[in-house]
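Report on one structure; see the data block that follows.
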Amino acid sequence: QKEVEQDPGPLSVPEGAIVSLNCTYSNSAFQYFMWYRQYSRKGPELLMYTYSSGNKEDGRFTAQVDKSSKYISLFIRDSQPSDSATYLCAMSAKSGNTPLVFGKGTRLSVIA
Amino acid sequence: GAVVSQHPSWVICKSGTSVKIECRSLDFQATTMFWYRQFPKQSLMLMATSNEGSKATYEQGVEKDKFLINHASLTLSTLTVTSAHPEDSSFYICSARPGLAGGGGTDTQYFGPGTRLTVL
């Protein structure tokens, strides 16, 4: 079993839809959870950063962490064509020099 | 804030030559930088972890003599691909983790825009 599992998609939705992206993980030591957005041929851009369990909202984006289920989600409300990108989840345990563990990324297309 | 730059953004070189890629944190000090490579439609593959003033830690299967990493300052790390071959053609991305005074840091990484390397 891989440390982080993420459905690669592709996921196509109509403009305005609510998008749900998810990752599961196996390492209970993970405490820091991130979502990155990567456009084609660009570096990943940090979207959301959360610590431990709970919800965090930033504009149209909401990140949820359920440590008991080892499950994290990113919700995008009122999706726009500009949201079309690959979304990567990433996580790490509490250690300053521990590399992030990434999911494979989910390709999202928002159709106008 | 938290901007990371890479130079060059793309490079084409002949087989057998060496290529140097620079990664800079522009508005913060990075005690740790990471180098990744990414093939088309694939996720990021960590190559090495670079700590300022010390030797890089390479992931299993990554040749340290081929991919030379130098992290000489808190804002600059370089990756040199030595004797490049066509199979080294890829998208190379660095990331930087901010360090805080007193030795603390965060687990957030900020990525550069990537460097596309094509070896002919």
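Laboratory data are not the source of any read-out in this text; all were calculated from the coordinates shown. This structure is a prediction, so every number in the text was calculated from the model and none was measured. Counting neighbours? That spans all protein chains shown, and the Cβs are built from the backbone with ideal geometry, glycine included.
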Using the Karplus curve 6.51 cos²θ - 1.76 cosθ + 1.60 with θ = phi - 60°, what ³J(HN,Hα) values do you get for each residue of region B:44-54, in whole Hz, with x for Gly and Pro? 6, 10, 5, 9, 6, 10, 10, 10, 4, x, 9
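Which value, in debye to the nearest 20, describes the size of the charge dipole of the protein assembly as shown about its Cα centre when Lys and Arg Cβ atoms bear +1, Asp and Glu Cβ atoms bear -1, and nothing else is charged?
Values: 22 positive and 19 negative charges, 56 e Å.
For this selection, approximately 260 debye.
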Among the Cys residues of the protein assembly as shown, which have no other cysteine Cβ under 4.7 angstrom away? B:13
Evaluate peptide A:42-49: per residue, the Cβ atoms of other protein chains within 10 Å of its Cβ; return the mean as an integer. 6
Scalar couplings 3J(HN,Hα) for region A:56-71 by Karplus 6.51 cos²θ - 1.76 cosθ + 1.60 (θ = phi - 60°), nearest whole Hz, x for Gly and Pro, are 9, 10, 8, x, 7, 9, 10, 10, 10, 10, 10, 5, 5, 9, 6, 9
Report the semi-axes of the equivalent ellipsoid for the protein assembly as shown in whole Å, largest first, where each axis is √(5λ) for an eigenvalue λ of the Cα gyration tensor. 30, 21, 16
Mind listing the long-range amide H neighbours of residue A:93? Cut-off is under 5 Å, sequence gap 5 or more, other chains count too, H placed in the peptide plane at 1.01 Å from N. A:31
Chymotrypsin sites (Phe, Trp or Tyr not before Pro), restricted to region A:20-85: which are DSSP loop and have at most 14 other Cβ atoms within 10 Å? A:39
Fraction of the pair-distance distribution of chain A above 24 Å, Cα-Cα pairs, percent: 20 percent
Among the listed pairs A:67/B:55; A:42/B:14; A:56/B:66; A:104/B:64, those beyond 31 Å (Cα-Cα): A:67/B:55; A:56/B:66
Proxy exposure order for A:67, B:14 (fewest C-beta within 10 Å first) is B:14, A:67
Would you grab the residues whose amide H sits under 5 Å from the one on residue A:11? Only those 5+ places off in sequence or on another chain, please, with H modelled 1.01 Å from N. A:107, A:108, A:109
